[in-house]
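Colleague: Attaching a single structure in structure tokens format; questions to follow.
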Amino acid sequence: MKRFRLLLVALGLALAACAPAATPTPAVTREVVTKEVVKEVEKPKATVRLSGWAANPQETALLESLLYRCSLKNPDVVVKYEPITGDYWAKIKTLVASGEEPDIYYMDIFQFPFFVAKGVLVPLDDYMARSGVKREDFIKTLIDAFTGPDGKVYGIPKDFNTLALFYNKDLFAKAGIPEPNENWTWDDLQEAARRLSDPAKGVYGLGVPADAGRFPIFVFQNGGRIMTPDFKDTLLDSPEVIEAARFYTSFRAKRIGAIPADVGVDWQGTGFGQGKLAMVFEGGWLIPYLREQFPTLRWGATFPPKGPKGRGNLIFTVAYVISKNSKNPEAAWKAIACLTSEESQTVVLSTGFALPSRAKLAGHEYFKNHPESLVIFKGAEFGTPFMWGLRGDVVNDQMAKALERIYLEGQDVAASFRQAAEEVRKALKEQP
């Protein structure tokens, strides 16, 4: 029995030795690959509101096209244009008082002192410095006009106008008079008006409206001013102003000049187009009007005549400003910087709707084919901003009334302007 057990054990060992070796289990290696997926999240856009007056459909279309161009350059900024119809200044002042004004809005130079005094505008100097925009990029008289008493810039001029002497070529040819040129003086103006006038036929040499937006250029040409430099007093009763007023009103007194009512119109531009006024002082706004309403009229334009003390002109200009209540002033600045860039201003110039405020564009090709526009553009070099301080409304009103009293009531020139000065001083004393 014992031997049998041993045999079985030996046989078992032999069978085990003949069995095939066990197949080893291969090791499993797992490689974990981490792939980084970068998903671009669209940057949130800043929305700003822009308001201005709607002058006409063409200018509105121009602004909208510029805003589209700017949206491509600044895709992170959305500008919503909200034009204001009706009484723009009444509405914008109401919005400012309630804190609901747009981020960006038009600022006329005449209204500028009021808004600066109220402290409702953002100074732009830091924004200009960060984006490389310099004061020197703009016509000096324009950028200076929107500089506050503290020396800071509060508005970037978008466009401007000055006054030119527009003249009827056919009437000059008929009278045998050489056309006006930039060397004309007051004497030349008066002599031409005399020879061009034919009251019996309702034709007068020069338009001399009771308009505070025309008369002051004669004051400047005579070395005078409308207000003191600090706008705290008026100079309407100064010898320079009174002498200029005597010269200006003498045209109608001698029947060689007329006011609009004398030729049956509301605006002298219409009287000029009709051939009733041989010469008028108007801005670039007259050009498209003449082309549309009087396409056959042959006319020219040159600088206003020199006075006893040299040249003088008025500057009418509008700027973009940023509200102090704006929640996105950086975005608002980007919009303004684009709208007033050299590229945008070149587009504005090419349309003929307005004159650009960029100084460099004085040499643009456009002016070679539009010399009358160049005259108006260069007028800014010797122009004075159409702005008389915080009570400019009273100053304008009193200037117009002084001229009307002379024209319609026969009041003495000096007495009429002394009366105007007294009224302005009363308003200045009542000023808060």
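Colleague: Run down Lys360, Lys401, Lys368 and say which single residue is surrounded by fewer than 18 Cβ atoms within 10 Å (Cβ to Cβ), over 17 Å from the mean Cα position of the chain (by Cα) and over 30 Å from Ala420 (Cβ atoms).
Modeller: Answer to the selection: Lys368.
Colleague: Something else: For the range 193-213, which residues satisfy the criterion of being within 19 Å of Arg405 (Cβ to Cβ) and among the hydrophobic types (A, V, I, L, M, F, W, C)?
Modeller: Within the range 193-213, Val208, Ala210, Ala212 meet the criteria.
Colleague: Continuing with the same structure: So Arg225 fits all but one of (1) within 25 Å of the chain's Cα centre (by Cα); (2) surrounded by 23 or more Cβ atoms within 10 Å (Cβ to Cβ); (3) closer than 16 Å to Gly307 by Cβ; what number is the exception?
Modeller: It fails just one condition, (2).
Colleague: Does Ala173 satisfy the condition of being surrounded by fewer than 16 Cβ atoms within 10 Å (Cβ to Cβ) and farther than 30 Å from Tyr105 by Cβ?
Modeller: Yes, satisfied.
Colleague: Pick from Thr351, Thr302: which is surrounded by fewer than 23 Cβ atoms within 10 Å (Cβ to Cβ), of a type in the set (Ser, Thr, Tyr) and more than 30 Å from Ala244 (Cα to Cα)?
Modeller: Matching residue, one of Thr351, Thr302: Thr351.
Colleague: Checking Thr185 against (1) under 29 Å from the mean Cα position of the chain (by Cα); (2) open to solvent by 10 Å² or more (accessible area, probe 1.4 Å); (3) of a type outside the set (D, E, K, R): exactly one of these is not met. Which one?
Modeller: (1)
Colleague: Within the range 322-342, restricting attention to residues that are in contact (Cβ under 8 Å) with a residue 40 or more places away in the chain and of a type in the set (Ser, Thr, Tyr), which residue is surrounded by the most Cβ atoms within 10 Å (Cβ to Cβ)?
Modeller: Ser323
Colleague: Which is out of contact with any strand residue (DSSP E or B) (no Cβ under 7 Å at 6 or more places or on another chain), farther than 30 Å from Leu314 by Cα and among the hydrophobic types (A, V, I, L, M, F, W, C), of Leu72, Leu62?
Modeller: When all the criteria are applied, what remains is Leu72.
Colleague: Further question: Looking at the range 89-99, which of the residues that are more than 10 Å from Ser323 (Cβ to Cβ) and not hydrophobic (A, V, I, L, M, F, W, C) is farthest from the chain's Cα centre (by Cα)?
Modeller: Among those residues, the one meeting the criterion is Ser98.
Colleague: To continue, here is another question. Does Ala210 count as within 19 Å of Ala414 (Cα to Cα) and either of a type outside the set (Val, Ile, Thr) or open to solvent by 20 Å² or more (accessible area, probe 1.4 Å) (or both)?
Modeller: Answer is yes for this residue.
Colleague: Looking at the range 300-392, what helices (runs of 4 or more DSSP H) fall wholly within it and have at least 2 residues that are among the β-branched types (Val, Ile, Thr)?
Modeller: Output list reads 342-351, 371-378.
Colleague: From the list Gly275, Gly284, which residue is open to solvent by less than 30 Å² (accessible area, probe 1.4 Å), at pLDDT below 95 and assigned to a loop (DSSP other than H, G, I, E, B)?
Modeller: On inspection, the qualifying residue turns out to be Gly284.
Colleague: Next question, about the same structure. Mind checking which residues of the range 124-154 are open to solvent by 40 Å² or more (accessible area, probe 1.4 Å) and part of a loop (DSSP other than H, G, I, E, B)?
Modeller: Gly132, Lys134, Pro149, Asp150, Gly151, Lys152
The values are calculated or read from the model by the stated rules, or taken from the named source; none is laboratory data. Keep in mind that this is a model prediction, so the values were computed, not measured. Every residue, glycine as well, gets a Cβ built from its backbone with ideal geometry; the counts of neighbours run over all protein chains shown. What goes into the accessible areas is simple: the full protein's heavy atoms, side chains included, and nothing from ligands, DNA or RNA. Shrake-Rupley method; radii C 1.70, N 1.55, O 1.52, S 1.80 Å.
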